[in-house]
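The values are calculated or read from the model by the stated rules, or taken from the named source; none is laboratory data. What you are looking at is a predicted structure, and each value in this text was computed from that prediction instead of being measured. We place every Cβ from the backbone using ideal geometry, glycine too, and count neighbours over all the protein chains shown. Keep in mind that these areas ignore ligands, DNA and RNA; they rest on the heavy atoms of the full protein, side chains included. Shrake-Rupley method; radii C 1.70, N 1.55, O 1.52, S 1.80 Å.
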Amino acid sequence: MADVHRGSGSRIIRWIDHRLPFMAMMQHELYDYPTPRNLSYWWNFGSLAGIMLVIMIVTGVFLAMQYTPSASLAFDSVERIMRDVNYGWLNRYAHANGASMFFAILYIHMFRGLYYGSYKAPRELLWMLGVLILVLAIATAFMGYVLPWGQMSYWAATVITSLFSAIPLIGQGIVTFLWGGFTVGDPTLHRFYALHYLLPFIILAVVLLHLIALHRFGSNNPLGIDMKGPQDSIPFHPYYTIKDLFGLCVFLLIYAFFVFYAPNFLGSPDNYIPANPMQTPNHIVPEWYLLPYYAILRSITFSILGIPAKLLGVIFAFGSLFVLLIVPWLDTSSVRSSQFRPIYKWLFWVLVIDVLALGWVGANPPQGIVVTVGQIATLYFYVHFLILLPVLGKIERPRPLPSSIAAAVLGDAAGVAAPAAPMGRS
Amino acid sequence: MWPTRLAKLVAVAAGALGLLLIQQQSQAQETPPLPQQQWSFDGIFGTYDKAAMQRGFQVYKQICSACHAVKHLYFRDLAALGYTEDQVKAIAATDQCTDGPNDQGQMYQRPCRPSDPIPGPFPNDKAAAVANGGVAPPDQSLIVKARDGGPDYVYALLNGFTPAPKGFQVVSGKYYNEYFPAHNISMPPPLSDGAVAFADGTKATVPQMAHDVVTFLAWASEPNLDARHRIGVRVFLFLIVGVGIFYAAKRKIWAAVH
Ligand code: HEM
């Protein structure tokens, strides 16, 4: 271990490191960490998600210093943040749009995983921890959205918590328990605030587990084949640190565009109207990142085997996340990357369109064609994961895999090519 | 490999755009599409037009404030319209604010100060509703952000008091408005030509007053827009330079591996 940090740092650092090998660990995990040499820009989104989580926590803590979680004061306290707190508007817009950015990153990150089969052995737990992060993020964002206590906050909270009443026998009891009363009100806001502050730190802990699992076998890559030796990998630093930094800058441009020039584009105007329990908005629509689940929820308009439609909707909406959780066992193909799976490759894009269609359905009032599209898209979502994925693995003939990453990237000379040395250190 | 990947990305983007278009069409059924106006605060370099805001404030003060409050605004905020400290003091002093309790335990009225919130016309929502045919006029300090279409909507609404089409039944005590959802609005047409006399000599037509009061209300709901736009431009320049530097560095570092 001791020579991992070859003479790096001062005597003090070495003294500490001998007793608490923190720097050595960092050196190992962030500096030398061998990474496939062929990662594309789709691999930027993991580090982006981590950075975005940190931004959410930092902006969130500063919001919390000014925010008041009581039904009579919450809305006005957010307006005080917007108007009277120095750079409060910046902080709040960074937080509100940051949530959207966080989900956009998570979704791209996950579709990347689906395309390149990153969930397959030995990365099943890594993938499942990722799905857990998504579930926690959904809960966090849902409760965060309630905090400004506008019309959409209030009615989204009412609609979503009421779903639990679909559970037979104990449903109504659970709803009362969640609300802390007989309607969404002050106690609901208080507990949502407490949980909204807590959950991001639980996400942080799961992210750590996610990283431990990642570093056990290293990153997957666009070819989906394992690293077979040093010629297939390059050290994380400086190659991927600089690539991630470049990606971060591009991402920040997009994020800054929303924060500075379209800060309310992704939000609902109704949320600038204070919550009013006596007046239901015309359309109750969740934030864009929850629309597909909302669409599935509303697509079940019929009961099956005596199970009421509402309960089925809840089961199918939550089921969509559960299906993601077990994807490693639904996909029976041993080939990871879509590049070598001629049929799956197309099904992947059909799934992307299917999910976009669900998003559109979720944004529109459930009438006419919208309902039909929603039902077909919901059905297809489940058919993709529960039928096509398992069957395809058995019947699809994958294209031949390259012998190694280096061979594919560098051509024939690869076998003898020397591993790239870390820059500036030898 | 690139062209096919690109083609797919384009296909997905086109699909998403298509869905968006369908959605916009389905939303536009009930009221006519909002005519797009030119606002001084549009675009990335947009700022509020101070002269328009001052005229707009005059319209608010002389007309709208009879029914609508702007409860998130303080008199001190009016400095942003270009008023001097003394002018703000003078404007504040024309209103009466409640203070107290004094040594006798009584609440009392006194002329407002810049540090006071601008008082509204009604003591509470019930009083506001009963004076307006059962519907309380909404607070105006966030109205522009709280409506689809923002400033274009409020502008269209103020100009939208047209005669009701044949056969349309206007509910008694309400007024026909082309742009209001379901067309029956409890607000009587607030503007008429020459209703105010602008200090700067601008002719007070209905569209002019509507334009000015919307500029004022847009500022009221987003007072930090000027700063946001200004800082945004700097952040963008900074990030664009960053993108360039990091891209060059990335190319250089990776040259050895490719
Ligand atoms: C995964 C991380 C997080 C997500 C996805 C998230 C999401 C959200 C969302 C969607 C809102 C509503 C924004 C709006 O429309 O105004 C919100 C508000 C808020 N969040 Fe978070 N948040 C996160 C982390 C945190 C943390 C760690 C804290 C506190 C330490 C925090 C404190 C607050 C406060 C005080 C508000 C209310 C103020 C406001 O509405 O702007 N958040 N959050």
For segment A:189-293, convex hull volume per residue from C-alpha positions, Å³ = 191
ask   = Hey, any idea what the orientation-averaged projected area of the convex hull of segment A:219-270's Cα atoms comes to, in nm²?
value = 5.8
request  = Express the carbon and sulfur contribution to the solvent-accessible surface of the protein assembly as shown as a percent, rounded to the nearest whole number, probe 1.4 angstrom.
outcome  = 67
inquiry  = Can you give me the distance in nm between label points at residue B:205 and residue B:240, each placed 7 Å from the Cα along the Cα-to-Cβ direction?
reply    = 3.8
query = Of B:35, B:114, B:101, which has the largest mean-square fluctuation in a 10 Å C-alpha GNM of chain B?
reply = B:101
note = Shape call for segment A:243-310, from the Cα gyration tensor axes a ≥ b ≥ c (a/c under 1.5 means rounded, otherwise prolate when a/b beats b/c, else oblate), comes out oblate
query = When the chain is fully extended, how far beyond the present Cα-Cα distance does residue A:376 get from residue A:254, taking 0.36 nm per residue of separation?
reply = 40.6 nm
message = What does the net charge come to around residue B:128 if you take all other residues with beta carbon closer than 13 Å to its beta carbon, with K and R at +1 and D and E at -1?
response = 0
ask   = Given Cα pairs under 8 Å that are at least 6 residues apart, what percent is the relative contact order of chain A?
value = 22
key: With Cα atoms, 0 to 90° folded angle of helix B:225-254 axis to chain B main axis   = 10
inquiry  = If I fit a long axis through the Cα atoms of helix A:88-115 and take the longest principal axis of the Cα atoms of chain A, what angle between them do I get, 0 to 90°, rounded to 10?
reply    = 60
ask   = R0 = 35 Å: FRET efficiency of residue A:186 with residue A:353, Cβ-based, nearest 0.05?
value = 0.20
inquiry  = What's the magnitude of the charge dipole for chain B around its Cα centre, counting Lys and Arg as +1 and Asp and Glu as -1 at the beta-carbon? Answer in Debye, nearest 20.
reply    = 1160
remark   = Residue-ordered couplings for segment B:129-143, obtained by feeding phi - 60° into the Karplus form 6.51 cos²θ - 1.76 cosθ + 1.60 and rounding to whole Hz (Gly and Pro as x), are 5, 5, 7, 10, x, x, 10, 6, x, x, 4, 9, 6, 10, 4
query = Once Lys and Arg get +1 and Asp and Glu get -1 on their Cβ, which of A:36, A:100, A:275 lies farthest toward the positive end of the dipole of chain A?
reply = A:36
key: Under 5 Å, built H, 5+ apart or other chain: amide partners of residue A:35   = A:234, A:236
query = Modelled label-to-label distance, residue B:104 and residue A:54, 7 Å Cα→beta-carbon offset: nm?
reply = 6.3
key: Tensor-based shape of chain B (alpha-carbon gyration tensor, a/c under 1.5 rounded, otherwise prolate or oblate)   = oblate
Using a Förster distance of 56 Å, the FRET efficiency for residue A:22-residue B:233 (Cβ separation, nearest 0.05) = 0.85
key: Stretchable slack from residue A:174 to residue A:10, in nm (0.36 nm times residue separation minus alpha-carbon distance)   = 53.3 nm
Lys, Arg +1 and Asp, Glu -1 on Cβ, resulting dipole of the protein assembly as shown about Cα centre, debye, nearest 20 = 2040
message = Let me check the size of segment B:156-258 from its C-alpha atoms; what are the radius of gyration and Dmax in Å?
response = 25.8, 80
remark   = Probe 1.4 Å, heavy atoms of protein chains only: per residue, the accessible area of the protein assembly as shown in Å² is 50
request  = Round to the nearest 0.05 the FRET efficiency obtained for residue B:248 and residue A:40 when R0 = 22 Å and r is the Cβ-Cβ distance.
outcome  = 0.65
inquiry  = If the rule is a partner Cβ under 4.7 Å, which cysteines in the protein assembly as shown fail it?
reply    = A:249, B:64, B:67
remark   = If every Lys and Arg gets +1 and every Asp and Glu gets -1 at its Cβ, then about the Cα centre segment B:105-196 yields a dipole, in debye to the nearest 20, of 200
query = So how much accessible surface do A and B hide from each other in total, probe 1.4 Å, in square angstrom to the nearest 100?
reply = 4300
message = Beyond 22 Å, how much of the Cα-Cα pair distribution for segment A:290-400 remains, as a whole percent?
response = 37
query = Roughly what angle does helix A:369-383 make with the longest principal axis of chain A, taking Cα atoms, 0 to 90 degrees, to the nearest 10?
reply = 40
remark   = Rounded to the nearest whole number, the per residue volume of the convex hull around the C-alpha atoms of chain A in Å³ is 178
Farthest positive-ward along chain B dipole, Cα basis, beta-carbon charges - from B:217, B:162, B:105 = B:217
ask   = Which residue, chosen from A:296, A:381, A:328, occupies the Cα position most advanced towards the positive end of the dipole of segment A:290-400, where the dipole is computed from +1 (Lys, Arg) and -1 (Asp, Glu) charges on Cβ about the Cα centre?
value = A:328
query = If the label point is 7 Å along Cα→Cβ of residue A:265, which residues in segment A:103-123 have backbone nitrogen under 20 Å from it?
reply = A:103-108
Spacing of the two label points (7 Å from each Cα toward its C-beta) at residue B:130 and residue B:30, in nm = 3.0
